[in-house]
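Computed from the coordinates by the stated procedures, all read-outs in this text should not be read as laboratory data. The model shown is predicted, which means the values in this text are computed figures rather than measured ones. Note that we place each Cβ from the backbone using ideal geometry, even for glycine, and neighbour counts take in every protein chain shown.
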Amino acid sequence: MTDLPAPSETLPPDEPLELCQLEQIPLDRGLEVIVAGRVVALFRVDGEVFALDGVCPHQGGALGKGQVCNGIVTCPWHGWQFDVKSGENQITRSICQPRIPLLVQENRVFVRRSDLAET
């Protein structure tokens with residue numbers, strides 16, 4: 001897990017915060033980072049980067065530590081599965097893991113502080 005410092009309260013809400021370098025995100029599993037007190041799970045699938053709330057709604061497992069296969073992350077605790085692009089649960093489609101928009105610039109991955117607000 002990468003623990004990033006909380007951003008200064010004086011930063012504008014749309015100030016991009018760097019999460020990691022693109023190559024730090026494995027292709028077959030997620031990367032967990034904590035930024036501004038929020039756990040974020042990052043994934044690289046089909047040449048794109050996606051982020052979900054990193055805490056599984058089932059029992060709080062770390063989605064960023066889960067295996068990824070065909071764009072589906074499996075929670076390492078109890079096997080719940082989510083589409084990394086949509087956040088949709090693969091068993092109960094009405095359960096959807098919150099997505100977090102990202103910016104990728106020059107192989108660096110960013111999130112806007114305003115997009116970290118709990119959903």
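Take every Cα pair under 8 Å whose residues are at least 6 apart in sequence, average their separation, divide by the length of region 45-119, and the relative contact order is 24 percent. Shape summary: the chain maps onto an equivalent ellipsoid whose semi-axes, from the alpha-carbon gyration tensor, are 23, 16, 12 Å in decreasing order. Ranking of R99, R108, R44 by neighbouring Cβ atoms within 10 Å, starting from the fewest: R108, R99, R44. Residue order for L19, L103, L116, L31, fewest other beta carbons within 10 angstrom first, comes to L103, L116, L31, L19.
List residues of region 29-65, by number, whose backbone nitrogen lies under 13 Å from a label position 7 Å along Cα→C-beta of L22. Output list for this probe position: 44-50. Neighbour counts of other Cβ atoms within 10 Å put T74, T92 in the fewest-to-most order T92, T74. Spin-label pair H58-A117: with each label point 7 Å from Cα along the Cα-Cβ axis, the two points sit 3.1 nm from one another.
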